[in-house]
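See structure below.
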Amino acid sequence: MHQPRLPFRRPDPAPPALTLADLRREGLDLLCRCRLCRHTGILPIAMAIQHHGETATVPAVRVRCAECNGRAVSVQPYRRIAGTQAPDA
């Protein structure tokens, strides 16, 4: 038997990248993880905006690792939870 053809469905477009202003409005900072030495740190959103501007998107933020000075650092939004410490390497 022949199966009926399903109509072609275009994939949904990716949502727009978050800007640093969006993160500030939501009360988020940036979690930075070095892929070389595994060092982890929190970049306060105010410092990121001061350096990159509030219209910069999260993927556009480029930082160096404070431990090994490497550039292979992933950056993602991070919400601090009251009473907890930042993740350690």
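Values quoted throughout were computed directly from the atomic coordinates according to the rules given, and no laboratory measurement underlies them. Owing to the predicted nature of the structure, the values given are computational and were not obtained by experimental measurement. Using ideal geometry, Cβ is built from the backbone for each residue, glycine included, and neighbour counts are taken over all protein chains shown.
How much length is gained on full extension from Ala17 to Thr55, taking 0.36 nm per residue of separation minus their Cα-Cα distance? Mind showing how you got there, number by number?
Numbers: separation 38, 0.36 × 38 = 13.68 nm, distance 1.06 nm.
Gain on extension, Ala17 to Thr55, equals 12.6 nm.
Over segment 29-78, all Cα pairs binned in 5 Å intervals from 0 give whole-percent P(r) values of 5, 24, 33, 24, 12, 2, listed from short to long.
About the Cα centre of segment 29-78, how large is the charge dipole given +1 on each Lys and Arg Cβ and -1 on each Asp and Glu Cβ? Please answer in debye to the nearest 20.
Here the size comes out at about 280 debye.
Only Cα sites of the chain enter the Debye sum here, all with the same form factor; the resulting log10 I(q)/I(0) across q = 0.14, 0.21 1/Å is -0.56, -1.03, listed in q order.
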